[in-house]
Amino acid sequence: MTRQRIRKTATRAQAPKRRVLLSAVLWGLFLYGIGFGLFTVTLPRPSTPEGMKADAIVALTGEGDRLGPAVLLLEQGGGKRLLISGVNKLISKRDLKALLHGGSSFDCCADLGFAAEDTRGNAEEAARWVRANNYRSIVVVTAAYHMPRSLVEFGAQMPDVKLVPYPVAADTATTSSWQSLKRLHGEYAKYLASVVRTSFDGLVGRA
C-alpha cells in the first residue's frame, strides 16, 4: 500500500509538469505555424529588371531560372560586373555563356564563383568579391522564396553594402502544390536558423 501511495503521489506531482510541457509544445507549434503563414504571404513576387541598377550583380545558382535574368540585366547595364556564385566546378565560363546566351558583356564582365555550397557560402563568396572590387551596392538575383534568407546572410556579411533584391520565379508548370509547400516549409526552417545564427554572431561580435 505504501508503494502504491508513493507512486500515485509521484504521478500527481508530475501531472502539472506534463501539462506545462504539453502547453509549451502546443504554443510553439502555434507560433511556428503563424510565422510560416506570415513568411509565405510576405514573400516577394517575381519582378522585372526595369530601372534596376547597382554597382554590380550577384546571381545565386539553384532552382528556377536565376541566371538568365541576371545575365540579361548585365547586358542591359544594370551593373558593372556579374558574379555567378556556387557554380559547379565541372562547368566552364564558355559552357555557361552558351547555355545562357550571353553576349559581349558576359565575356568581359562575368565572374564565376566555385567555392560556395550553400547560401551562407554564397554570401561569403560574394562579400570577398564585393570587397575586392570596392562595390557599395549589388543586385541580388535568386528565387523569390529564397530571397529572405539570402538577404539575411548577405546583410550579415556585408552590412555596409546596399542590397537590391531581384526575385525571380522558381516554380514551373510541372511543380505540384505539394512540392511547392514542402519546399517553402524547408526554406522557412532554414530562414529561422539563419536569423538566429546571424543574430547570435552579431551579439558575440559586439561583446
It is to be established whether one or more residues within region 121-132 are more than 21 Å from PRO49 (Cβ to Cβ), in contact (Cβ under 8 Å) with a residue 40 or more places away in the chain and either among the hydroxyl-bearing types (Ser, Thr, Tyr) or surrounded by 15 or more Cβ atoms within 10 Å (Cβ to Cβ) (or both).
yes
Taking the conditions exactly as written (open to solvent by 20 Å² or more (accessible area, probe 1.4 Å), of a type in the set (A, V, I, L, M) and modelled with pLDDT under 95), does ALA143 satisfy them or not?
no
Residue check: is SER104 open to solvent by less than 20 Å² (accessible area, probe 1.4 Å) and either of a type in the set (Ser, Thr, Tyr) or over 17 Å from the mean Cα position of the chain (by Cα) (or both)?
no
Can you spot a residue in region 132-146 that is in contact with a helix residue (DSSP H, G or I) (Cβ under 9 Å, 6 or more places away or on another chain), under 20 Å from GLY37 (Cβ atoms) and part of a helix (DSSP H, G or I)?
yes
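Residue-wise test of (1) within 18 Å of the chain's Cα centre (by Cα); (2) not polar (S, T, N, Q).
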position: SER85; (1), (2): yes, no
position: CYS109; (1), (2): no, yes
position: GLY113; (1), (2): yes, yes
position: THR119; (1), (2): yes, no
Region 154-170 - residue that is in a strand (DSSP E or B) and hydrophobic (A, V, I, L, M, F, W, C) and, of those, nearest to SER47 (Cα to Cα):
VAL168
Provide a single number: the residues in region 71-96 that are surrounded by 14 or more Cβ atoms within 10 Å (Cβ to Cβ) and farther than 12 Å from ASP111 by Cβ.
7
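The values are calculated or read from the model by the stated rules, or taken from the named source; none is laboratory data. Because the structure is predicted, anything quoted here is derived from the model rather than measured. Methodologically, a virtual Cβ is constructed for each residue, glycine included, from the backbone with ideal geometry; neighbour enumeration extends over all protein chains shown. To get the accessible areas, we keep the full protein, side chains included, count just its heavy atoms, and leave off ligands, DNA and RNA. Shrake-Rupley method; radii C 1.70, N 1.55, O 1.52, S 1.80 Å.
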